[in-house]
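Everything on this sheet refers to the single structure shown next.
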Amino acid sequence: VAKHDGYRHINLTHQRTIEHLNEKWIIKDNILPINSRSNKAQSLQQSGRVHKFDLHWLVPDWPWEIVGKGNDSILVLRLLSPHGWIKLEINSPKRETVDNNNNELALQIFRKGKTVFGTEKENPILGWVSPTYGYKFPALSIRATTISPTPLTLVSKWFFPH
């Protein structure tokens, strides 16, 4: 478990929990209001406020396919690694909706600055990896986006080949 306070200017903290089970990794990203005595009133005010959240994964430039959306807005993607298929599931369990709308997770995939899946406009910095200064290589930028009140939990499950 690790957390950072890079969102303290909006009174939020990001906590990530990683769990390894056999050939599966479960990563939980919790966006939580900051609770402290000095800003308790501000924390209560921040809880439930609506924000746009992006969960971003940068992966190798491998063949991929969208398996679909499962129940509860689970996004499912597969990547063909040299060792077999890797499956990624992203969801947000028990997530509240905004104004009674169904604010599902939206999936975008970028490669070499171009949108290869989703409706987001092109972004020249996404879909690249730079292992060292002066070099860049194509990669896949996978982004799940939602508009939601806090607290919010996003769960990524990575299933690896045996």
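Annotations for the structure displayed:
- For GLU89, the solvent-accessible surface computed with a 1.4 Å probe is close to 40 Å², ligands and nucleic acids excluded.
- Amide H within-cut-off set for THR13, under 5 Å, with H built and near neighbours excluded: LEU32, ILE34
- Charge sum, other residues only, whose C-beta stays under 11 Å from TRP85's C-beta, Lys/Arg counted +1 and Asp/Glu -1: +1
- Solvent-accessible surface ranking, highest first, for TRP62, TRP25, TRP158 at 1.4 angstrom: TRP25, TRP62, TRP158
The values are calculated or read from the model by the stated rules, or taken from the named source; none is laboratory data. Nothing here was measured: the structure is a model prediction, and the numbers come from that model. FYI the Cβ positions are ideal-geometry reconstructions off the backbone, even for glycines, and counts take in every protein chain you see. Heads up: the accessible areas ignore ligands, DNA and RNA and are worked out on the full protein's heavy atoms, side chains in. Shrake-Rupley method; radii C 1.70, N 1.55, O 1.52, S 1.80 Å.
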